[in-house]
Amino acid sequence: MAAEDRARQPAGATATGRPRTRLDQPRAPRRSLLPSYDPEAFGNFSERIARFLGTGRFIVWMTAVIILWVLWNVFAPRLLRFDEYPFIFLTLALSLQASYAAPLILLAQNRQDDRDRVNLEQDRKQDERSIADTEYLTREVAALRVGLGEVATRDWIRSELQDLLKEIDGRADGRPHARAERRADGRPPGQQAAPRDEGDGRGR
């Protein structure tokens, strides 16, 4: 039995006493003493609070609560007063409110900055794609213009046909056309050849 147990145990670097973890299964989450929360939900909650703190409704409600607080602790019977002058409890409540409101507002601003950064990045990529498309279309239009420059246009074909008609009419009337009158030496029609210099022949 001892020999069989030794044969079942792996040898070498894998011979460890701890149990092997399976790679085809997700790892179980570790327990933490800190409270867990959803960052997205907490961020949305902070944005709602920041929006509420920046409205006139919050200022009106806060002013009404402070006035009622002060009037109650000044004119109410002494046994019913819970925060007499100088209103230390009210000062503490307002300090706690300010200490919690400032981080929540900063968190909402950071989330807004992240969204603005993402939007700016998307706008930059969209602008780059638009510029690339515009450059491509510009090159295509330039190529089309170059290609059209080599194509026979209607006016050019019309002028060539008119020249051919004039040549045909000239041949029918017995008058050679200007093209046919050109000589082999390249002189235009009607131009006489230059007279030969006979001085050299006489001298000879």
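The values are calculated or read from the model by the stated rules, or taken from the named source; none is laboratory data. Keep in mind that what you see is a predicted model, and the values were worked out from it rather than measured. Heads up, the Cβs are rebuilt from the backbone with ideal geometry, glycines too, and the neighbour counts pull from every protein chain shown. The area values use the complete protein model at the heavy-atom level, side chains included, leaving out ligands, DNA and RNA. Shrake-Rupley method; radii C 1.70, N 1.55, O 1.52, S 1.80 Å.
Structure summary
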quantity: Environment charge of Val70, counting only residues whose C-beta is closer than 12 Å and scoring Lys/Arg +1, Asp/Glu -1; calculated: -1
quantity: For the stretch 99-178: span of alpha carbons on each principal axis (Å, largest first); calculated: 112, 14, 11
quantity: Accessible surface, per residue, of the stretch 34-137 when the full set of protein chains is kept, probe 1.4 Å, Å²; calculated: 81
